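The values are calculated or read from the model by the stated rules, or taken from the named source; none is laboratory data. What you are looking at is a predicted structure, and each value in this text was computed from that prediction instead of being measured. With ideal geometry, Cβ positions are generated from the backbone for all residues, glycine too; neighbour counts draw on all protein chains shown.
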């Protein structure tokens with residue numbers, strides 16, 4: 001079992017992602033609102049931002065605070081199809097503002113029936 005984590009600012013695409021994941025065999029996911037470090041620092045009233053953040057500020061659009069983090073526990077064999085669904089809908093991860101995806105092994109879980117996964 002794996003926990004797939006997908007973090008993106010493309011919140012408008014999350015219903016389509018969830019639908020695609022369900023078609024691929026993923027039985028469910030949880031979405032959380034989130035903010036990245038550049039967004040938090042850029043919206044801060046502090047004028048003492050590290051130099052790197054000041055230079056990078058112009059590369060990002062901070063007007064929309066719709067970051068999403070998706071968490072989905074799934075069998076190992078669904079990881080590759082799930083990542084492909086996300087790529088097909090949101091774009092390749094090597095392009096800016098697509099987001100980040102990673103997995104973490106799940107050694108034990110409760111609360112989800114194995115028949116649903």
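Observations
- Number of positions in region 19-38 that are under 23 Å from residue 110 (Cβ atoms), at pLDDT 90 or above and surrounded by 15 or more Cβ atoms within 10 Å (Cβ to Cβ): 4
- Candidate set from region 66-95 (those that are part of a loop (DSSP other than H, G, I, E, B) and in contact (Cβ under 8 Å) with a residue 12 or more places away in the chain); member that is farthest from residue 9 (Cα to Cα): 75
- Pairing each residue of region 20-36 that is closer than 20 Å to residue 1 by Cβ with any residue that is modelled with pLDDT under 95 and part of a loop (DSSP other than H, G, I, E, B), provided the two are 6+ apart or on different chains, yields C-beta distances under 6 Å for 27/116; 27/117.
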